[in-house]
Amino acid sequence: MSKVVHYARTGRTGVITVEYPPVNALGIDVRTGLIRALEAGLADDGADVLVLTAAGRTFMAGADIREFGKPQQAPGLPEVVARFDASPKPVVAAIHGTALGGGLEVALACHFRVALRSAKVGLPEVKLGLLPGAGGTQRLPRLVGVRNALDMIVGGDPVPAAAALDMGILDVVEDGESALEAGLRFAERVRTEGLPARPVSRRDEKIAGTDPAVFADYRAGLAKRAAALFSPHRCVDAVEAAATLPFEEGLKRERDLFLACMDSPQRAGLIHAFFAEREAAKVPGLPAGTATRPVRQVAVIGAGTMGGGIAMCFANAGIPVRLLEVTQEALDRGLAAVRRNYEASAAKGRISAADVEARIGLIHPTLSYDDLADADLVIEAAFESMEVKKAIFATLDRVCRPGAILATNTSTLDVDEIASATGRPQDVVGMHFFSPANVMRLLENVRGRRTAEDVAATVMEVARRIGKVGVLVGVCYGFVGNRMLHQRGREAIALVEEGASPAQVDRVLTGFGFPMGQFAMLDLAGIDVGWRIREERRKAGDPDALAPNWLDRLAEQGRFGQKTGAGVYRYEAGSRKPLPDPEVESLIAAWRAEKGITPRTVSDREILERCLYVMVNEGAKILEEGIAARALDIDVVWIHGYGFPAYRGGPMFWAGQVGLPAVLEAVERYHATLGGSPWQPAALLQRLAREGGRFGDL
Ligand code: COA
């Protein structure tokens, strides 16, 4: 018998148990084991009903993603599924945890499905650029009808057991603790009540007479919201095959579509993104089990948009948080904004009215630093000024208990210099949240030169507790995310100066897959923020400071972006839709004239190359300097903090797909024509391009 799938008998029920931690993924050993265990059950004269269950935290959570992109070993999942479908003895799938992807497909090939109420079922393949390739697109519509099946397969979100029962995916939902017990009870009913064991593949009632308009409708919706994605469209094609072709032919169609998805670069990008997100938590040099400090009580300094959002992150996770401001008025304003945010979530049905009160109840406003004395973690989210931050940290050094972690939410400033304002630099760390902090998933944790190991490990653990994707990076100007963004911004400004329009630059970036372009994003964040930072740097004589530009001129005129109704674009009252503004066009034209620049036609290709390759080159320098430990850390920062399309895998992964020699050739070309240190080719890029490597190989 297989190591990872066992067969045993309980009374007259044969029990097949998958035991392949952590999530019972359907790798080659599980697939082989399932077939052998099924054969054992069928050969066992003492068993007349079989139960399929899984040990550990969950039912099978899908195909083994690690096998994707590699040659498939037989038996494949479709074969396993076909064997269960054809079983002459009734098989009951007994589900706990999550039956996802291939796991649900195996369950759908069983004759009955029972689940614990806490379980969830789903077909999330679309999120990995795939579609269910083992009959899921043919069987699910036969159980729940085409519309529900499309929602689940194209949406990819799992549904709770109760909803799955209502839809008809499950036959029974139980409140107990043990799926196996529930399965055994159901097997007894199959035996005694003689429930009809009709395979799903032969149930055509729910798909008979499907109105073809459903598919046209769905496609029209997808064309609007997911035009650039490959697999959602193939999912619709596959479900359509279920409704229009005989089962076996539908399966073949599903297979072809599945293989097309498997070959797509989007599949590679999304799977890279899936593993990168999980790998980012495993920091080289901080082995699992590194000691962490307990964090039970948190404090946030500053109740502005950022501070309020950060406080919400902790309250959402049930962790009490003190929120400190300098004036009562600022405190009241901050708390009112937090309440508005929660009430908006409640109005959308995301949380209950009781949740709103419970969460607000966890946020304790204060005007006094003395109230921070017992905090385990303090996060400063005050004005972005070194002077202000140093003063705050000197105060924290006085009032906080020994061993408290003192974190700054700075997005650009030197964490080591901030730490120097205290007598305990080992306890100081950066925790860079992204706006809106309660929504954006990235938490860029910044390890200073003297940050203690257990402090770094603790902030990574805190990220996990509050549902963020934590990435640990080192200190430099702008860390990983903003340092690269700064380069993209500089190119975008220059491209407009040379002749592109802001709308053209943004169109190229959204065409690439960013949810918004550089200038729309600046308008959202506020042009004044960057303008003030640039001014500070110029005043300080920083050699890397940007020369004054047309964007500064906009800021000088009070066009700060959405908040003033006008920035790079204009906005109609109450709308966030960027509209081109002739005033800005004339301002840019006047700027060019002043500088003696004759505008030229800039191609979309040049915009894309300059905006993105400059980031890749900077990313390579970040790796060389050890600011990010791995290319995947950079990818995770950009996917979760800046809307880099996950289906392209992040900037460093994407560069590998483009081909590093091609990227280097372009970087060298722009270095020759534009000059400047940003285009100075990174030594790492040169080496990898020469050796035929990729950033992920490091
Ligand atoms: N194949 C291979 N490994 C998988 C896997 C799969 N289908 N699903 C999860 N894993 C691994 C993760 O990489 C992680 O490994 P690590 O501990 O070495 O980092 C481990 O299992 C636990 O996963 P994680 O996501 O950290 O745990 P969780 O409890 O938060 O979530 C799931 C569990 C199953 C809900 C989640 O992992 C998931 O959604 N997996 C993908 C399911 C899927 O898409 N299936 C369809 C595949 S076609």
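Each reported figure results from applying straightforward, stated rules to the coordinates on display, with no laboratory input. All figures in this text were calculated on a predicted structure; none of them were measured in a lab. A quick note on method: Cβ atoms are made from the backbone with ideal geometry, for glycine too, and the neighbour counts reach across all protein chains shown.
Run the dipole for the chain about the Cα centre, Lys and Arg Cβ at +1, Asp and Glu Cβ at -1, nothing else charged, and hand back the magnitude in debye, nearest 20.
460
Given 10 Å bins starting at zero, what is the percent of C-alpha pairs of segment 610-661 in each, up to the one with the largest pair distance?
27, 62, 11
Mind scanning 206/252; 3/120; 120/206; 70/127; 224/577; 3/252 and naming the pairs with a C-alpha gap bigger than 24 Å? Don't jump to the answer; show the numbers that get you there.
Working: 206/252 21 Å; 3/120 27 Å; 120/206 22 Å; 70/127 19 Å; 224/577 17 Å; 3/252 32 Å.
Those over the limit are 3/120; 3/252.
If neighbour count is taken as other Cβ atoms inside 10 Å, put 210, 58 in order from fewest to most.
Working: 210 18, 58 22.
Going from least to most buried by this count: 210, 58.
Going Cα to Cα from residue 539, which aspartates and glutamates come in below 18 Å? Please leave out same-chain ones fewer than 8 positions away.
384, 387, 414, 528, 552, 556
Give the peptides 124-132, 593-601 in descending order of average Cβ contacts within 10 Å, highest first.
Listed from highest to lowest mean packing, they are 124-132, 593-601.
Name the residue from 239, 308, 270 whose Cα lies farthest towards the positive end of the charge dipole of segment 210-322, charges +1 on Cβ of Lys and Arg and -1 on Cβ of Asp and Glu.
Result: 308.
Please sort 656-668, 269-281 by packing, taking for each peptide the average over its residues of neighbouring beta carbons within 10 angstrom, highest first.
269-281, 656-668
Quote the Stokes-Einstein diffusion coefficient, in whole µm² s⁻¹, for segment 27-119, based on the Kirkwood radius over alpha carbon pairs, a temperature of 25 °C and a viscosity of 0.890 mPa s.
D, rounded to a whole number, is 181 µm²/s.
To the nearest 500 deg cm²/dmol, what mean residue ellipticity at 222 nm is calculated for the chain from DSSP H runs of n ≥ 4 alone, each contributing -39,500 (n - 2.57), summed and divided by the residues?
It lands at -15000 deg cm²/dmol.
For 416, 217, 427, which order do you get if you count the other beta carbons within 10 Å of each Cβ and list the fewest first?
Starting with the residue having the fewest Cβ neighbours, the order is 217, 416, 427.
Just going by the charge dipole of the chain, with Lys and Arg at +1 and Asp and Glu at -1 on Cβ, which of 647, 131, 584 is farthest out on the positive end?
The listed residue farthest towards the positive side: 131.
Tell me, 497, 691, 188 in order of fewest to most beta-carbon neighbours within 10 Å?
691, 188, 497
Rounded to the nearest 20 debye, what is the charge dipole size of segment 485-528 about its Cα centre when +1 sits on each Lys and Arg Cβ and -1 on each Asp and Glu Cβ?
Here the size comes out at about 160 debye.
Compute the length gained on full extension between residue 39 and residue 624: take 0.36 nm times their separation in residues and subtract their Cα-Cα distance, giving the result in nm to one decimal.
Values: separation 585, 0.36 × 585 = 210.60 nm, distance 5.48 nm.
The span from residue 39 to residue 624 would gain 205.1 nm if fully extended.
Hey, what's the Cα Rg ratio for segment 123-203 versus the globular rule of thumb, 2.2 N^0.38 Å?
Dividing the Cα Rg of segment 123-203 by 2.2 N^0.38 Å gives 1.24.
Provide the gained length on full extension for the span residue 291 to residue 228, in nm with one decimal, where the gain is 0.36 nm per separating residue minus the Cα-Cα distance. Let's see the in-between values first.
On the way: separation 63, 0.36 × 63 = 22.68 nm, distance 4.43 nm.
Gain in length upon complete extension: 18.3 nm.
Can you run the Rg to Rh ratio on segment 347-456? Use alpha carbon positions and the Kirkwood inverse-distance Rh.
1.02
Can you tell me the 0 to 90 degree angle between the C-alpha axis of helix 213-225 and the longest principal axis of the chain, rounded to 10?
Rounded to the nearest ten degrees, it is 30.
Taking 37 °C and 0.692 mPa s as the conditions, I'd like the Stokes-Einstein D for the chain in µm²/s, using the Kirkwood hydrodynamic radius from alpha carbon pairs.
117
Find which of 60, 22, 11 sits farthest along the positive direction of the dipole of segment 1-80, computed with +1 on the beta-carbon of Lys and Arg, -1 on that of Asp and Glu, about the Cα centre.
Most positive-ward Cα: 22.
Is the C-alpha gyration tensor of segment 512-582 telling us rounded, prolate or oblate? Criteria: a/c under 1.5 is rounded; beyond that, a/b larger than b/c is prolate, otherwise oblate.
Prolate, because a/c is 1.5 or more and a/b exceeds b/c.
How big is segment 356-409 by Rg and Dmax over its Cα atoms, in Å?
12.4, 37
What percent of all Cα-Cα pairs in segment 551-698 falls in each 5 Å bin, counting up from 0?
For segment 551-698, the binned pair fractions read 2, 9, 14, 15, 14, 13, 13, 12, 6, 2, 0 percent.
Using Cα centres only, tell me the gap between segment 376-424 and segment 619-698 in whole Å.
Their Cα centres are 32 Å away from one another.
About the Cα centre of segment 146-201, how large is the charge dipole given +1 on each Lys and Arg Cβ and -1 on each Asp and Glu Cβ? Please answer in debye to the nearest 20.
Around 340 debye, computed over segment 146-201.
Starting from the Cα of residue 621, draw a straight line to each of the lysines and keep only those under 25 Å, dropping any in the same chain fewer than 8 residues away.
Qualifying lysines at Cα under 25 Å: 282.
Using only the Cα atoms of segment 393-464, each taken as one equal point scatterer with no solvent, compute I(q) by the Debye sum, divide by I(0), and report log10 of the ratio at q = 0.13, 0.19, 0.23, 0.24 Å⁻¹.
-0.35, -0.73, -1.01, -1.07
Where the centroid of each part is defined by its Cα atoms, how far is segment 186-252 from segment 56-70 in Å?
Spelled out, the Cα-based centre of one part sits 23 Å from the other.
Using only the alpha-carbon atoms of segment 71-126 as identical scatterers, what base-10 log of I(q)/I(0) does the Debye formula give at q = 0.12, 0.14, 0.20, 0.29 Å⁻¹?
Normalising to I(0) and taking log10 leaves -0.30, -0.40, -0.75, -1.14.
Can you figure out the FRET efficiency of residue 73 with residue 465, using R₀ = 35 Å and their beta-carbon distance, to the nearest 0.05?
Working from the Cβ atoms, E equals 0.35.
Taking the Cα-to-Cβ direction at residue 343 and at residue 275 and moving 7 Å from each Cα, how far apart do the two end points lie in nm?
If labels sit at residue 343 and residue 275, their model points lie 4.8 nm apart.
With no solvent and one equal point scatterer placed on each C-alpha of segment 31-80, evaluate the Debye formula and give log10 I(q)/I(0) for q = 0.14, 0.24, 0.26 Å⁻¹, two decimals.
With one equal scatterer per Cα and no solvent, log10 I(q)/I(0) is -0.48, -1.05, -1.12.
Amide H neighbours of residue 293 under 5 Å, at least 5 residues apart or on other chains, H built in the peptide plane: list them.
For residue 293, the qualifying residues are 458.
Return one number: the angle in degrees, 0 to 90 and rounded to the nearest 10, between the long axis of the Cα atoms of helix 231-244 and the longest principal axis of the Cα atoms of the chain.
The helix 231-244 is inclined about 30 degrees to the chain.
State, to one decimal in nm², a quarter of the convex hull surface area for the C-alpha atoms of segment 428-514, i.e. the direction-averaged projected area.
Dividing the Cα hull surface by four gives the mean projection, 6.8 nm².
Give the calculated FRET efficiency between residue 211 and residue 248 to the nearest 0.05, with a Förster radius of 30 Å applied to their Cβ-Cβ distance.
My answer for the efficiency is 0.80.
Sort 538-545, 136-143, 240-247 by the packing proxy (mean of other Cβ within 10 Å over each peptide's residues), most packed first.
Answer by packing, highest mean first, reads 136-143, 240-247, 538-545.
Out of all DSSP beta bridges with both ends in the chain, state the antiparallel percent to the nearest 5. Numbers along the way, then the final one.
Working: 16 of 61 bridges.
Of those bridges, close to 25 percent are antiparallel.
Please enumerate, by chain and number, the aspartates and glutamates with C-alpha under 20 Å from the C-alpha of residue 89, excluding those fewer than 8 residues away in the same chain.
Those aspartates and glutamates meeting the cut-off are 39, 44, 45, 48, 79, 105, 171, 181, 188, 193.
Count charges around residue 263 for me, please; just the other residues with Cβ under 12 Å from its Cβ, Lys/Arg as +1, Asp/Glu as -1.
It works out to a net charge of +1.
Give the angle, between 0 and 90 degrees and rounded to the nearest 10, that separates the Cα long axis of helix 386-399 from the longest principal axis of the Cα atoms of the chain.
70
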